[in-house]
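Peer 1: Let me begin by handing over the structure; questions about it come next.
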Amino acid sequence: MFSSRRNFLGGAGLVGLAAATPTAAAPAVSASRTEDAAWLQARLERYNDFGIKASGGPGDVACGAWLEEELRGWGYSCRRQAFEVPYFEVRQAALSSGEAQAPQAQAPVIPQAIVAPTGAQGLTAPLRLASDRGDISGAIAVIVLPYKRWAALADPQAARPLADAFSRGAAAAVLVTTGPTGEAIALNVSTHKPAYERPVAILAPKDAQPFLAAAREGRAGTLIVDGQAGRRSAFNVIARLDRNAPRTVILSTPRSGWFTCAAERGSGLAVWLWLARRLSQTNRGVNVELLATSGHEYEYLGGEYYLAQAPAPSATALWVHVGASAAARDWHELGPTLKPLPSADSQRVLTATADIVEPVRAAFRGISGLEATYVADQTTAGGELINVLNAGYTRMIGLYGGHRYFHTRDDDMRCVSADLVQPVAAAFEAAVEGLLA
């Protein structure tokens with residue numbers, strides 16, 4: 001489905017472009033930019049190599065330990081803030097139609113958190129389209145969601161039809177997450193709301209047609225969501241460079257996610273590390289506190305825990321949050337497959353509080369999606385920044401977005417590269433330095 005990551009730019013990455021510049025200063029500029037790109041690329045690849053970043057899982061834990069090692073090397077003191085999260089380790093997750101011994105169709109599904117397992121034998125029942133408004137009591141309701149770059153189960157366009165299906169007696173539900181890639185899209189969920197007691201799974205649109213046909217005819221299907229469910233420990237990484245200053249700059253980013261999250265989380269984490277290193281090298285008369293949260297999939301759970309002990313708003317000079325899809329690859333939609341582009345996906349949003357929105361907008365001028373910086377409020381802010389606003393912080397910058405492979409298994413290194421991250425890192429550095437000068 002994808003071409004090799006090495007072929008994305010057709011040989012026209014930063015190195016190739018700089019080498020073609022005929023000015024006398026070009027070699028030095030080229031060397032500096034190439035070194036910076038190599039530094040960012042190494043961090044992107046290291047994050048990717050940890051694999052699945054589900055909160056409290058092996059990849060998430062290993063990533064946290066790596067960040068601590070990096071930050072200590074730049075002079076930061078580090079500590080962990082532990083909390084519990086739900087988890088589900090899959091043994092089998094699949095939907096089939098027809099007789100159990102001879103299924104007419106079979107496809108993998110994503111168990112929707114917080115998971116209600118079916119057990120190893122699964123649940124066999126008629127497949128029914130929830131939208132038909134017929135009797136779905138005891139059935140596996142198939143719910144086709146409208147086209148969107150999906151992110152959360154709380155989205156009314158997902159939550160309402162799901163609640164309706166269960167109120168009508170459905171024994172389980174399968175959500176078809178119609179989106180830009182045809183892949184199944186995992187949905188974030190809150191731990192503060194009651195979990196569904198009946199199984200919910202997510203089916204890729206590319207796999208849906210046989211099951212939609214079966215559901216129209218009310219044929220039998222079997223949903224298997226089998227695995228180990230429970231709760232486990234996760235932790236935020238909190239790092240600090242204390243300069244005995246009266247105020248503190250806070251830099252935050254999530255590090256956990258449903259899958260590998262190379263572009264969703266990795267691009268923002270690379271920007272965050274870039275800023276952390278830069279701020280360790282210059283003293284602007286402020287302390288620096290860094291936060292890399294786990295629990296993001298559970299609607300910003302790690303960020304909530306941190307806010308309970310973060311520096312007070314009155315003692316915070318600036319809060320910078322680098323959220324999802326900071327610098328993800330864009331794709332052309334040509335036929336049944338997507339084709340990679342050398343440019344960044346513009347579906348990313350930058351917000352800043354009213355007092356600093358103009359200098360922030362100037363710093364990001366020319367960067368697609370981020371150049372239209374909005375005043376941060378309850379309608380424009382996204383991700384963890386919503387809770388930061390609610391907690392009374394008054395000077396902040398926040399980024400969030402949703403690229404095409406957001407929350408899918410295919411969000412790997414084919415979706416991100418240093419040449420996409422570098423302009424965003426430079427713009428954040430310019431904005432922060434200007435605001436602290």
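The values are calculated or read from the model by the stated rules, or taken from the named source; none is laboratory data. Just so it is clear, the structure is predicted and the values come from calculations on it, not from any experiment. Every residue, glycine as well, gets a Cβ built from its backbone with ideal geometry; the counts of neighbours run over all protein chains shown. Heads up: the accessible areas ignore ligands, DNA and RNA and are worked out on the full protein's heavy atoms, side chains in. Shrake-Rupley method; radii C 1.70, N 1.55, O 1.52, S 1.80 Å.
Peer 1: Once you've got the GNM for the chain with C-alpha springs shorter than 10 Å, pick whichever of S55, S131, S280 has the biggest mean-square fluctuation.
Peer 2: Highest fluctuation of the listed residues: S131.
Peer 1: Just to confirm, what accessible area per residue do you get for the range 102-222 at 1.4 Å probe, in whole Å²? Numbers along the way, then the final one.
Peer 2: Numbers: 5120 Å² over 121 residues.
Ligands and nucleic acids excluded, the figure is 42 Å² per residue.
Peer 1: For R265, which sequence-distant residues (separation of 5 or more, or a different chain) have an amide H within less than 5 Å of its own amide H, given hydrogens modelled in the peptide plane?
Peer 2: S325
Peer 1: On a full-extension model of 0.36 nm per residue, what is the gain between S314 and D49, subtracting their alpha-carbon distance, rounded to one decimal in nm?
Peer 2: Working: separation 265, 0.36 × 265 = 95.40 nm, distance 3.93 nm.
Difference between extended and current length: 91.5 nm.
Peer 1: Could the peptides 254-264, 179-189, 133-143 be put in order, highest first, of the mean number of other beta-carbon atoms found within 10 Å of their residues?
Peer 2: Values: 254-264: 28.0, 179-189: 22.7, 133-143: 19.6.
Put in order of decreasing packing, that is 254-264, 179-189, 133-143.
Peer 1: What lysines could a cross-link reach from K339, if we take a straight Cα to Cα line under 20 Å and drop same-chain neighbours fewer than 8 places away?
Peer 2: Cα-Cα hits under 20 Å: K148, K206.
Peer 1: Continuing with this model, one more query. Suppose every Lys and Arg Cβ carries +1 and every Asp and Glu Cβ carries -1, with no other charges. What dipole size does the chain come out with about its Cα centre, to the nearest 20 debye?
Peer 2: Numbers: 40 positive and 40 negative charges, 35 e Å.
So the dipole magnitude of the chain works out to roughly 180 debye.
Peer 1: Shifting gears a bit: Could you tell me what fraction of 2.2 N^0.38 Å the Cα radius of gyration of the range 141-278 comes to, as a two-decimal ratio?
Peer 2: Numbers: Rg = 20.1 Å, N = 138, 2.2 N^0.38 = 14.3 Å.
The value comes to 1.40.
Peer 1: If one computes the Cα centroid of the range 70-149 and of the range 337-357, what distance in Å separates the two points?
Peer 2: Their Cα centres are 29 Å away from one another.
Peer 1: Moving to a separate point now. Order the peptides 152-163, 316-327 from the highest to the lowest mean number of other Cβ atoms within 10 Å of their residues.
Peer 2: Values: 152-163: 15.0, 316-327: 26.3.
The peptides rank, most packed first, as 316-327, 152-163.
Peer 1: For the chain, which whole percent of the accessible surface, found with a 1.4 angstrom probe, sits on carbon and sulfur atoms?
Peer 2: Working: 9030 of 17440 Å².
C and S fraction of accessible area: 52 percent.
Peer 1: Among 32-38, 341-347, what's the highest-first ranking by average C-beta atoms within 10 angstrom per residue?
Peer 2: Working: 32-38: 14.6, 341-347: 17.9.
Listed from highest to lowest mean packing, they are 341-347, 32-38.
Peer 1: Another one. Could you pull the accessible area for T178 with a 1.4 Å probe, rounded to 10 Å²?
Peer 2: T178 has an accessible surface of roughly 40 Å² with all protein chains in place.
Peer 1: In deg cm²/dmol, rounded to 500, what helix-only [θ] at 222 nm does the chain give when every DSSP H run of at least 4 residues adds -39500 (n - 2.57) and the total is split over its residues?
Peer 2: Values: 10 runs with 122 residues, N = 437.
Rounded to the nearest 500, it is -8500 deg cm²/dmol.
Peer 1: Spelling out what I want: for every residue of the range 47-58, take phi, set θ = phi - 60°, compute 6.51 cos²θ - 1.76 cosθ + 1.60 (Karplus), and round to whole Hz; glycine and proline get x.
Peer 2: Taking θ as phi minus 60°, the curve returns 4, 4, 5, 6, x, 5, 10, 3, 3, x, x, x Hz for the range 47-58.
Peer 1: On to the next question. Just in the range 128-189: which chymotrypsin sites (Phe, Trp or Tyr not before Pro) are loop by DSSP and have at most 16 other Cβ atoms within 10 Å?
Peer 2: Working: sites: Y147, W150, F166; in loops: Y147, W150.
In loop regions of the range 128-189 (DSSP not H, G, I, E or B), the sparsely surrounded chymotrypsin sites (Phe, Trp or Tyr not before Pro) are Y147.
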